[in-house]
Amino acid sequence: MRQAPWRIFALVVAVFVMATGTFLVLTQRSETGVASPPSATPTQPPQSPTAQLPDGPGGEPQTIPAVRSFDPAEGEGWAPAEGVTRVVADSDGPLDGTADRLAEELDVRRADEGARPGDVELKLDEDADTGREGYRLVTRDHRVTITGSDDAGVFYGTRTVIQSVRAAGGLPEGTVSDRPDRPQRGLLLDIARKFYPADWIEDRLHEMADLKLNQLQLHLSDDQGFRVESSSHPEVVSEEHLTKDQVRHLLSVADSLHITVIPEIDSPGHLGAVLAAHPDLQLHRADGSVTEGAIDISKPAAGRLVDDLLREYGDLFPGRYLHLGGDEYVALMSSDPEATYPDLAATARDRYGENAGIADLATAWLNDRAETARDVGKTPQVWNDGMFADGEVEPDHDRQVAYWTGREAGAREPSEYLEEGFRLINNNSEYLYYVLGQPNGFTYPTGQRIYEEWTPDVLRGTSPVAERFRGADHVPGGRLAVWGDVPDAQTEAEVAEGIRLPLAALSQKLWNPDRPRLSWQEFTALDSRVTEAGTG
């Protein structure tokens, strides 16, 4: 049986002490778990001969997602050694936090300079051809060096280190050259219908970071709840909600993990919780009955209310994107929208001409919300079934479209959006929808179909888009979506376990869409090793 590296090193040190009579200075642990020198003995421990360091594993680095390229070399590899290994990076530079995190995870010391055998050194090189999220990891002479042109890439290199230690005890000798295929890689959490507490969300952030995922979309409002504190409209907030202080903490954690958090305020549908406090803005049918969850987009006050919320959360969330929703507006899902909602139809004709319809009014609504998003410095994202074609009002093009369905009103083939120049985020409900309770024909994704069948270019059904539309320029990424349609169908723990393998499979295919080298069985076995000792 292979002995743990620290046991090997401890035995070697014991023999060395007995043979030479040398006394070693012990280190003490700080409250953070990172070793630090004892106050009475500030000197660094002496450099240990390479012969005393444990060997790393052979083969390739064991990680999820798999590294894109590994060039093996002759040598003994690297494994962390207690009392010897340090994480080396400038304490005043942008890599300080990343170095501290890795040192804590490995339970080793931090150092500012002077990398030596046994160490992991983190370096920035603006001239490195790694790309912003790429890195080069060299394991040579019992030492690991991670280099990137940006701190995001170096951070992902540290994820390769920590996963390799969990899975195989260390790293093999050689050079890793690694970068993602798609720049947007993430998870969507519907916290409106099923509320998740802040600490549960924080756990998902750590899980995502280890998988090199970089976006978390939070669906903050729906018919069942409005889940974040509001100063502009406190009357809409549900009893269970995130405070702004909790949100700021999550944003700080996410930033340290190179994850962007994207808020979603869905409109003009899915607004039941907001409209409960503003019944005067509810949409009514011709017979006077209320359409649940839908706001009356003919009323100027409706736009002002939603814009207030978009501005508030656009300021709170510092990331690049603001998701505006736009899906499943019930007025357009009626068999005869013009007859069912004559006031909307009349307003559309008054504003946009005799040939205009309710779809034009909805398109103009989303255009106005997108302008608000841009006013607060955000790039708008919207659901694809809120994008209507061949009307009197055209959707503006300065937005990204999250493609999830081809079966709802307004939904079209992915190629049509791509032909019009829109970039599509892959939310293909065939593979990437984890809907609690499995209503409307949805089934929980296991991860295997994502791993074996799906690629980022499979946007609808099971077939990829045409070759000319493939790649990050047209489809910049994708997200696994966790929807709370039947909120009590699973506990928080069951959701966390249920999405673990789908998230891992998604991370693999967004990092490298090519057919994976490991079988599904091998992949799941590796997943159990890289996550069993996970932090967070």
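No lab work stands behind these numbers, since they all come straight from the coordinates. What you see is a predicted model, and the numbers here were worked out from it, not measured in a lab. Virtual Cβ from ideal backbone geometry, glycine too; neighbours counted across all protein chains shown.
Things to note:
- Euclidean distance of C-alpha centroids, region 221-294 and region 296-331, integer Å: 9
- The chain, helix-only ellipticity at 222 nm - DSSP H runs n ≥ 4, -39,500 (n - 2.57), divided by all residues, nearest 500: -10000 deg cm²/dmol
- Charge sum, other residues only, whose C-beta stays under 10 Å from Arg143's C-beta, Lys/Arg counted +1 and Asp/Glu -1: -1
- Arg351-Thr446 pseudo-label distance in nm [points 7 Å out on the Cα-to-Cβ vector]: 4.8
- For the chain, the longest principal axis of the C-alpha atoms and the axis of helix 342-352 are separated by about 80°.
- Lysine pairs in the chain whose alpha-carbon atoms fall under 26 angstrom of each other, counting only those eight or more residues apart or on distinct chains, come to 7.
- A simple count of charges around Asp327, restricted to other residues whose Cβ falls under 9 Å of its Cβ and scoring Lys, Arg +1 and Asp, Glu -1, yields -4.
- Length-normalised contact order of the chain in % [C-alpha pairs under 8 Å, at least 6 apart]: 12
- Spacing of the two label points (7 Å from each Cα toward its C-beta) at Ala276 and Asp127, in nm: 6.1
- Radius, Kirkwood style, for region 120-248 when every pair of distinct Cα atoms is counted (Å): 17.1
- Nearest-ten-degree value, helix 96-106 long axis tilted from longest Cα axis of the chain: 70
- Length gained when the stretch Glu492-Thr175 is fully extended (0.36 nm per residue, less Cα-Cα span): 110.1 nm
- Residue-normalised convex hull volume from the C-alpha trace of region 401-523: 103 Å³ per residue.
- 34 Å tail of the calculated P(r), region 184-531, as % of Cα pairs: 22
- At R0 = 25 Å, FRET efficiency that the Cβ-Cβ distance of Ser252 and Asp308 yields, to 0.05: 0.50
- Cα gyration tensor shape for region 300-432, rounded if a/c is under 1.5, else prolate or oblate: oblate
- Residue range of the chain that is longest and free of trypsin sites (Lys or Arg not before Pro) which are both DSSP loop and sparsely packed (at most 15 other C-beta within 10 Å): 133-319
- Degrees separating the helix 358-375 axis from the principal Cα axis of the chain, which is the longest one: 40
- Taking label points 7 Å from Cα along the Cα-to-Cβ direction, Asp343 and Ser231 give a separation of 3.4 nm.
- Charge context of Asp71, other residues only, Cβ under 14 angstrom, K/R +1, D/E -1: -1
- Dipole of region 184-531 computed with +1 at Lys/Arg Cβ and -1 at Asp/Glu Cβ about the Cα centre; of Pro502, Ala411, Asn426, farthest Cα towards the positive end is Pro502.
- Loop-resident sites, region 81-153, for GluC sites (Glu not before Pro), counting at most 13 other Cβ within 10 Å (DSSP): Glu113, Glu126
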